[in-house]
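Asks: Provided herewith is a single structure, encoded as structure tokens, for subsequent inquiry.
What follows draws every value from the coordinates through simple rules; no lab data is involved. Please read all numbers here as calculations on a predicted model, not as lab measurements. Quick reminder, even Gly has a Cβ in these numbers, built from the backbone with ideal geometry, and neighbours come from all protein chains shown.
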Amino acid sequence: MTMPFAGGIDGNANATLIFSLVAAVIYGFTLGMPPTLARSAAKTLAVAMLAVLAAIQGGPLLLVAALALSAIGDAFLSRDGEKAFLGGLASFLVAHIVYVALLLRSGAGLELLGAEPWRSAIALAMAVFAIVMLAALWRRVGPGLRIPIAVYVVAILAMGMSALTTSNVWVIGGAVLFMASDGLLAMEKFLVAAVSQHRAWMRFTVWVLYYAAQLAVTLGFLLG
């Protein structure tokens, strides 16, 4: 079996990647179940193991930090309640700020956004997406959540734009998937009726998009 890292399937890096993938699959199959410690552990470990992988492979410290912060956010969001949601929001907000720093340091500067038509088109689509999402959420969330959500939307838009300053297709794709995941999560949490039959597939799709995003960014930096 061909593995992405040296050392074969028994190598530390490949074993860590497999551990992450297994945890992600386990969490995907438990999405419809009530929150439990084991379910929270699976969700947290999926991305935490990507942080370990980045550290093992000597990846950028900012990448390790962003993945670790995302894992903390996953731990919060695996539980129910507004406090857990705000904890997750705060963790991912800081993670996106770290990602912005990482991407801008790795990229060729914001002027690259206007250098090629496809970059400009994606940047415009990201901006429109963020504006529409914020406008839709502003009317549906309570006053206490409006400012935190607005700050988060700006942060993830900045992350997406920052990714476009790089030439790494995996990283750019990961940023697009991340924004799609967050948009669908916001719809599922705030815009879809609590009894909607669509919630099940939306939660599953959010998880697939989110994990794929983190995996793509991680591998983009480690293998690119």
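Asks: Quickly rank 171-177, 76-82 as a protection proxy: mean count of other C-beta atoms within 10 Å, highest first.
Replies: Numbers: 171-177: 22.3, 76-82: 15.3.
Those peptides, ordered most packed to least, come out 171-177, 76-82.
Asks: Could you run the Karplus curve 6.51 cos²θ - 1.76 cosθ + 1.60 with θ = phi - 60° over the range 179-196 and give me ³J(HN,Hα) per residue in whole Hz, x for Gly and Pro?
Replies: Along the range 179-196, the couplings run 5, 5, 4, 5, x, 5, 4, 4, 4, 5, 7, 10, 10, 9, 4, 4, 9, 5 Hz.
Asks: How large is ³J(HN,Hα) for each residue in the range 85-98, as worked out from phi by the Karplus curve 6.51 cos²θ - 1.76 cosθ + 1.60 (θ = phi - 60°), to whole Hz, x for Gly and Pro?
Replies: After applying 6.51 cos²θ - 1.76 cosθ + 1.60, I find 5, 5, x, x, 4, 5, 4, 6, 4, 5, 4, 5, 4, 5 Hz.
Asks: Would you calculate, for the chain, the mean residue ellipticity at 222 nm contributed by helices, counting each DSSP H stretch of 4 or more residues as -39,500 (n - 2.57) and dividing by all residues, to the nearest 500? Display every interim value, and only then the final one.
Replies: Working: 8 runs with 166 residues, N = 224.
Counting only the DSSP helices, I get -25500 deg cm²/dmol.
Asks: Order the peptides 7-20, 112-125 from the highest to the lowest mean number of other Cβ atoms within 10 Å of their residues. The partial results should precede the final answer.
Replies: Details: 7-20: 15.8, 112-125: 13.3.
Top of the packing list down: 7-20, 112-125.
Asks: Follow-up. Rg to Rh ratio, the range 48-178, alpha-carbon atoms and Kirkwood radius?
Replies: Working: Rg = 15.5 Å, Rh = 15.6 Å.
With Rh from the inverse mean 1/r over Cα pairs, Rg/Rh is 0.99.
Asks: Here is a further query. Which value in Å is the Kirkwood Rh of the range 179-224 over different Cα pairs?
Replies: Numbers: mean 1/r = 0.0875 Å⁻¹.
Result for the range 179-224 stands at 11.4 Å.
Asks: How would T166, T2, T30 line up from fewest to most surrounding beta-carbon atoms within 10 angstrom? Before the final figure, lay out the partial values.
Replies: Numbers: T166 22, T2 5, T30 17.
By the 10 Å Cβ count, ascending, the order reads T2, T30, T166.
Asks: Could I ask something else about it? Quick one: pull the percentage of alpha-carbon pairs in the range 108-199 with a separation above 23 Å.
Replies: Values: 1281 of 4186 pairs.
That fraction is 31 percent.
Asks: Continuing with this model, one more query. Can you report the principal axis dimensions of the chain using only the alpha carbons, biggest first, rounded to whole angstrom?
Replies: So the extents along the principal axes, rounded to whole Å, are 51, 47, 25.
Asks: Work out from phi, with θ = phi - 60° and the Karplus expression 6.51 cos²θ - 1.76 cosθ + 1.60, the ³J(HN,Hα) of each residue of the range 200-209, listed in order in whole Hz, and give x for Gly and Pro.
Replies: Residue by residue, the range 200-209 yields 4, 5, 5, 4, 5, 5, 4, 5, 4, 5 Hz.
Asks: Based on other C-beta atoms within 10 Å, arrange K43, K189 from fewest to most.
Replies: K189, K43
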